[in-house]
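A.B. asks: Sharing a structure here in structure tokens format.
The values are calculated or read from the model by the stated rules, or taken from the named source; none is laboratory data. In this text the structure is predicted, and so the values were computed from the model without any measurement. Because the Cβ atoms are built from the backbone with ideal geometry, glycine has one as well, and the counts that use them run over all protein chains shown. Surface areas here come from the heavy atoms of the whole protein model, side chains and all, with no ligands, DNA or RNA. Shrake-Rupley method; radii C 1.70, N 1.55, O 1.52, S 1.80 Å.
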Amino acid sequence: MASVQIALAGATGNLGRPILEALLGTGYNVTVLSRIGGNSSKLKPHPSLVIKEVDFSSVQSLTPALRGVHVVISCLATLAIGSQNPLIDASVEAGVKRFIPAEFGMDSQNPLSVQLPVCAPKAATQKYLLDKSTSNPEFTFTGIANGLFLDWCLENKIILDLTHHTATLYNGGDVPFSATTLADVAKGVLGVIQHQAETANRIVYIHSAVVTQNRLIQYAEKKDGKAWQTAVKSTDEVKQESFAELAKGAQADIDAAMLGFCILASWSPEYGCDFSAHLDNELLGVRQMDEAELRALVERLL
């Protein structure tokens, strides 16, 4: 296992950190690709960790850093996901066998999701990867769809605001949606590395649980008995607001618009927000949380 060399881009981000921890904890040798002048100095030294500073826009800069690497994992920030092509080109050039792109979210195979500005770059990256794999059969890819980051989105008041006991209930709050803890996303990545034949050139689906907003609120109410203030909002309204924000051009709050599109895809059944029918949990070693574990997660974050 230790003989498999891994390269990780975006190791200091919200998802990159738990993935790096899981890789090192499993015994892999990891090369962290860090932006020149980036914040990789924050990473704790580890005998199996090497940090290489690169220019992510330059194939010439990236290729030497990837020599001898078998698997590349991209955790580049959401607004940078359109710029993975140089990293992909360098991976092909260096002889990398598997590329895991910065997918990690909604169902990008859903025909409605693909039309969203937040998802279109992911679909374009998948097409680019498939083209590269077709012309270089030794090079393959796996995208990971995990829905919302369950713990991170609760902590950052996206699913509910557990601190202030308030929530915007999208489409009423009873829409079942897939969500995955950061630690389980990292397990899914390990599963892909360990099952490359079964995961080649496709999207895999994982979740820690399929939940509803109202069910999570019930767990909170049973724990502390406090009343909740809720407002109901339709995802159609969120969609209109997000496109209106983008239409502002240079003045647009891009982050807010992209979050709106994520909300739309996460709480609209027609966008495929419940992955239950096509899960790869068993293959990838990701165990679904039971009700007691879900309840404990909510109580811990209250």
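A.B. asks: Can you name the residue in the stretch 257-278 that is open to solvent by 50 Å² or more (accessible area, probe 1.4 Å) and hydrophobic (A, V, I, L, M, F, W, C) and is also farthest from L150 (Cα to Cα) among such residues?
C.D. replies: A277
A.B. asks: Right, something else. Among the residues of the stretch 82-94, is there at least one that is among the β-branched types (V, I, T), in a loop (DSSP other than H, G, I, E, B) and farther than 30 Å from L259 by Cβ?
C.D. replies: no
A.B. asks: Return the total of residues in the stretch 279-293 being part of a loop (DSSP other than H, G, I, E, B) and open to solvent by 60 Å² or more (accessible area, probe 1.4 Å).
C.D. replies: 3
A.B. asks: Pull up the stretch 127-141, narrow it to residues that are touching a Phe, Trp or Tyr at 6+ places or on another chain (Cβ under 8 Å) and buried (at least 16 other Cβ atoms within 10 Å of the Cβ), then point me to the one that is nearest to F99 (Cα to Cα).
C.D. replies: F141
A.B. asks: Additional query: What residue, among those in the stretch 148-186 that are farther than 21 Å from Y219 by Cα and among the small types (G, A, S), is surrounded by the most Cβ atoms within 10 Å (Cβ to Cβ)?
C.D. replies: This residue is A186.
A.B. asks: Give me the pairs: first residue in the stretch 50-62 and more than 12 Å from A9 (Cβ to Cβ) and in the same structural domain as E21 (by the TED database), second residue surrounded by 14 or more Cβ atoms within 10 Å (Cβ to Cβ) and aromatic (F, W, Y), beta-carbon distance under 6 Å, and six or more apart or on different chains, which are they?
C.D. replies: Note: no pairs meet the criteria.
A.B. asks: When you scan the stretch 99-111, do you find a residue that is more than 29 Å from E245 (Cβ to Cβ), outside the structural domain of K239 (by the TED database) and not polar (S, T, N, Q), even just one?
C.D. replies: Yes - at least one qualifying residue is present in the stretch 99-111.
A.B. asks: A further question on this structure: Could you give every pair whose Cβ atoms fall below 8 Å, whose first residue belongs to the stretch 261-286 and is within 17 Å of G172 (Cα to Cα), and whose second residue is basic (K, R) and open to solvent by 40 Å² or more (accessible area, probe 1.4 Å), counting only separations of at least 6 or pairs across chains?
C.D. replies: From the stretch 261-286, the pairs are L264/K239.
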